[in-house]
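Structure, as structure tokens:
Read-outs: derived from the displayed coordinates by stated rules, not from any lab. Predicted, not measured: the structure shown is a model, and the values here were computed from it. Cβ atoms come from the backbone with ideal geometry, glycine included; neighbour counts cover every protein chain shown.
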Amino acid sequence: MARRLPGHDAVRGEAIEVRIADVSVRAFPDESIAAAAIASGTRVLARSLKYHRPRTFFCFEGHCSGCLVRLSGVPNLRACQAMCTAGAEVEGQNAFPSAEVDLLGAVDFLFSRGMDHHTLMTGSSVLNRLANKVVRQLSGLGKLPDRPPRELPDIAPRTVDVCVIGGGPAGLAAATATARAGRSTIVIDDQLRPGGSLRADPRTGRRAAETSVAAATAAGVEVLARSTAIGYFPEDDGGVLAVSAPDRLYRIHAASWIWATGGYPVNLPFPDNDRPGVLAARAVGRLLVDHGILGGDRVCIVEVPEVAEDAAALADALYQAGAEVVRIALGNANGTRGRSWVSALDTPNGKVECDLVAVAGIPAPASEGPRQQGCKVVLDPAAGGFRVVVDEHGRTSAPGVWACGDVTGYVGPAAAAEQGARVGMNVATRGFGYRRSVAGKIVLCRCEDVTLADLEHCVSRGYCDIEEVKRYTGFGTGPCQGKECLAAVASQLASLTDQPPAAIPPFTSRPPLAPTPLKMLAKDPAAHRFADDREPALDRGKPAPRPPGPRESLRDDPERGRGG
């Protein structure tokens, strides 16, 4: 059971009350809605789109779809990125009558072996029309806001020498270096408080993050927190980065760009890996380090060898905080048990009782922004996904664009800070003048409920290109936009099609890079003429090799679509 730790150095202030699922919850102004929810014992916040499986916290960084809630009448807000305010009303979504008890969850039971929605009820035109009406009612996430916005946000232009995207250890170190060298610098960070993975690392503690932020500010860096880079538009005045902040839209011009966006926490492939209570290890660390909340009393850490050192540090910190900790290799995780929350993990040696499972995988490089700017990326499983390719100075393949930290491949917080400082100095001195099938669902894309079985079925029907897979399965089209699932699907696709990982390109990344209220774009006249004429990945190069034989077609085998 999660609980707050007494004596933690988190600046909590005076306690307030918020209502989560019609229950009054004790919270603090300094913490997020998600932190208050898990500390109070709230378990299920929403349901998944297709199977209505229970959904709740996972990454605690605002990149997954697990904690989408309706907050004070506004739908689809990420609870981990919304600060607690007195009297806030938090409601679950995509469920009836409630997220905790959802009658539509029967879909998961009825289609325990998976659902091919492409052929569902296609044998009868009457049933097909009925199915379409039902699907239209059930599809989508959330309902329209109670009150439409009355005012459009301001447009705030910024012109700087260096724009750093990402306020983690690499980004803050790079920004501090360029600012100290006399370059005007701005940092864009999408978290409630800058610091990135430093705020989740028990080896450094939250004070390391605050020290890094203070050093950057003292050097003259402008730090924009709670600000998300939603798209780069090369055709507008030589290149503009659009940044969505709570009260305005920034249009940023820069002579040099440094991408230090780090990596996204990812889930690991084992049966029922999407059960509530399965959290990213970095999220468990963030709760402990930044919020002073122990996520569980009995914790299983499921890990891969590449992050064993990080897993060991987390295990030690949890043990020191009073938890029982068991570390389990990914190959020995045979599935989770539990109803609304995980209660055990099955292993070859038997059942391990637990109330929290922390998955420690290699973070997936957050490379969608650099890809928009034309930076070369390559699928590298050892680096966690599609890493940005850089030279020894940190320069990418795009003129005037640099990258450092985990976005170039996982290195960890300490090495990322060293790399960021080195790249920052290079920019300041050089940058101006350069322009498998098992029991239980293995979920690859939690937003759209795409499983490994769905991917296998997709490939068996001849769809082997990443763009075709995206269109057929819907992966990458949910709220996380592929941040959590792209690397996992691409790696599995490489394995299923017998291709080297480097042969699998990412799908085309288009703005907005994060869910953005339409009002952010409505006032800017330039937004109406932005043209996205990038070549789709589907049209690049030679087609991916396909299994022998023709593709299946309902015209060839109409009986396949009957009986659903």
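Miscellaneous remarks
- Rg in Å to one decimal, and Dmax rounded to a whole Å, for the stretch 34-169 via C-alpha atoms: 19.3, 62
- In this structure, the amide hydrogen of Gly231, modeled 1.01 Å from its nitrogen in the peptide plane, lies closer than 5 angstrom to those of Ala242, Leu513, counting only residues at least 5 positions away or on a different chain.
- The stretch 295-360: mean projected area of Cα convex hull, nm²: 4.1 nm²
- Dimensions in Å of the stretch 3-114 - Rg and Dmax from alpha carbons: 14.8, 50
- Exposure proxy ranking, count of Cβ atoms within 10 Å, fewest first, for Trp257, Trp341: Trp341, Trp257
- Relative to the current alpha-carbon distance between Glu222 and Glu100, full extension at 0.36 nm per residue lengthens the span by 39.7 nm.
- Restricting the stretch 78-119 to GluC sites (Glu not before Pro) in coil, as DSSP defines it, with at most 16 other Cβ within 10 Å: Glu100
- Taking label points 7 Å from Cα along the Cα-to-Cβ direction, Phe109 and His393 give a separation of 6.4 nm.
- The stretch 437-467 and the stretch 74-124 have their alpha-carbon centroids 20 Å apart.
- Sparsely packed chymotrypsin sites (Phe, Trp or Tyr not before Pro) within the stretch 41-143, loop by DSSP, other Cβ within 10 Å at most 16: Phe111
- Proximal lysines relative to Lys50, as straight alpha-carbon distance under 26 Å, when same-chain residues fewer than 8 apart are discounted: Lys133, Lys143, Lys441, Lys470, Lys483
- Estimated FRET transfer efficiency when R0 is 51 angstrom, pair Gln320-Asn132 (beta carbons, to 0.05): 0.35
- Between Ile16 and Asp498, the C-beta separation translates, for a Förster distance of 56 Å, into a calculated FRET efficiency of about 0.50.
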